[in-house]
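Input: a single structure, listed below in structure tokens.
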Amino acid sequence: MKQIFFTPGPAELYFTVEGHIKKALTEQVPSISHRSARFQSIFQEAEENLRNLLSLPNNYYIFFTGSATEIWERIIQNLVAERSYHYVNGSFSNRFYKIAEELGRSPVIQKAEEGSCAVVDPEKIPSDIELVAFTQNETSTGAAQPLDDIYQVRQSHPEAIIAVDAVSTLPYIPLDYTQVDTAYFSVQKGFGLPAGLGVWLVNARCLAKAEQLAQQQSIGSYHSLPSLLEKARKHQTPETPNVLGIYLLAKVVSDMLGKGIDVIRNETKFKAGMMYQTLSEHDNFTPFVKKAEHQSRTVIVTETRKPAQEIIQKLQESGLFLGSGYGHFKDKHVRIANFPTHSREQFIQLIDKMNAIL
């Protein structure tokens, strides 16, 4: 029986990954030196493909880390001397806020009720805030902050750095990178790759801030922005990286470019529309996020009338793996990933099975 993973990360591998892994092993990619010309070409291919897929401006750099969780810490170390402002929609955005506290900063939190997005009022943001953090797509609750909210803050606070957690929403969202300063993701969600690689998109304003901050205090000895930049200019990393992960990212992004980002986005909307309609009409499900404009298209979260684990188990018996609720919602929610690797046919199969067993 073929298994299909609708889990929100790690998720179903992109359908071309198996072939790329086989080729990588044949070419012994995992054994090459990260200081070799071969690795430099892999880094450059990944960088150029991502830049094209995401329409990344020329003043942005692409850095590779161990995970998106690491990037939270690096952002605070490199870009915040005293105060950051965090819009919190769930567990992951709250964790970013907590990391700022743990690193000795004085973060400010604006917390929304779970299942909704924070109301953005730029006048509430203090004038001395150095960085405003958005989790555009909260993986724990399925709440997606409208992009216009983010751009509104940029217009009203042009001096603040705008940081966007796009972990479970790229490459779907058409983020305007001229309106933000840094965004980041991990590859095991929307890019359909094995876990173990974070991607940090950083513009020149961030680099200038890090260099300024380094004159006043420590910005960390590992993966500081200046050290990442120094190596990235040579298509290298400061340490031995996940070479296989970077190789696979380059190849899968190339496959996505061949398909076309507009096709990927239209398919994502179509699949999400099918699922939300099913959930709203089904006796056993209710979308957790009530406002349509806040409903994620990539991580769909539903409340369940029957115990969530019972539903998940029944679907697993048919080879369909869904995510459980996050944290205290573990047995109250089901989370359904809708990433580029998931086909329309797979979503139809899932919906048919949900209707059949319930």
Please give the length that would be gained between K23 and R205 if that part of the chain were fully extended, namely 0.36 nm times their separation in residues minus their C-alpha to C-alpha distance (nm, one decimal). 61.6 nm
Binned Cα-Cα distances of the chain, short to long, each 20 Å bin given as a whole percent: 30, 57, 13, 0
Would you mind pulling out the separation of the Cα centroids of the stretch 212-269 and the stretch 329-358, in Å? 30
Please label the shape of the stretch 58-179 as rounded, prolate or oblate, based on the square roots a ≥ b ≥ c of the eigenvalues of the alpha-carbon gyration tensor (a/c under 1.5 means rounded; beyond that, a/b larger than b/c means prolate, else oblate). rounded
Extension length gain for E317 and R305 (0.36 nm per residue less Cα distance), in nm, is 2.3 nm
Roughly speaking, what is the stretch gain from A195 to E113, that is 0.36 nm per residue apart minus the C-alpha to C-alpha distance, in nm to one decimal? 26.5 nm
Most mobile of N203, N338, N284 in a GNM of the chain (Cα contacts under 10 Å): N284
Which whole-number percent gives the relative contact order of the chain, counting Cα pairs below 8 Å spaced six or more residues apart? 25
Most fluctuating of S67, S91, S156 in the GNM of the chain (C-alpha, under 10 Å) is S156
Rounded to whole Hz and in sequence order, give me ³J(HN,Hα) for the stretch 199-212 from the Karplus expression 6.51 cos²θ - 1.76 cosθ + 1.60, θ = phi - 60°, writing x for Gly and Pro. 10, 10, 9, 9, 9, 5, 4, 5, 5, 5, 5, 5, 5, 5
Pop the C-beta distance of D148 and T69 into the FRET formula with R0 = 22 Å and round what comes out to the nearest 0.05. 0.20
Inter-label distance for K269 and E345, nm, one decimal - labels placed 7 Å from Cα along Cα-to-Cβ: 2.5
Cα-projected label distance for K330 with S55, points at 7 Å along beta-carbon direction, nm: 4.2
Hey, fewest Cβ within 10 Å first, where do E73, E113, E48 land in order? E113, E48, E73
With a Förster distance of 45 angstrom and the Cβ-Cβ distance between E293 and Q44, calculated FRET efficiency to the nearest 0.05 equals 0.70
Select from G319, T268, A308 the residue farthest towards the positive end of the dipole of the stretch 253-328; place +1 on Cβ of Lys and Arg, -1 on Cβ of Asp and Glu, and compute about the Cα centre. T268
Candidate cut points under GluC sites (Glu not before Pro) in the stretch 238-309, DSSP loop plus at most 16 other Cβ atoms within 10 Å of their own Cβ, are E239
Among trypsin sites (Lys or Arg not before Pro) in the stretch 227-266, those in a DSSP loop whose Cβ has at most 11 other Cβ atoms within 10 Å are R233, K234
Past 28 Å, Cα to Cα: identify those pairs from K271/K330; K189/K271; K124/K290; K269/K353; K209/K259; K231/K269, in the order given. K209/K259; K231/K269
Of P171, L50, A183, farthest towards positive along the dipole that unit charges on Lys, Arg, Asp, Glu beta carbons give the stretch 17-258: L50
Considering only DSSP beta bridges where both residues belong to the chain, give the percentage that are antiparallel (nearest 5). 55
Calc'd 3J(HN,Hα), the stretch 342-349, phi into Karplus 6.51 cos²θ - 1.76 cosθ + 1.60 (θ = phi - 60°), Hz, glycine/Pro = x, comes to 7, 7, 4, 4, 5, 5, 5, 4
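Read-outs throughout are calculated quantities, based only on the coordinates presented, and are distinct from any laboratory measurement. As the structure is a prediction and not an experimental result, all values here were calculated from the model. As a convention, Cβ positions derive from the backbone with ideal geometry for all residues, glycine included, and neighbour counts pool all protein chains shown.
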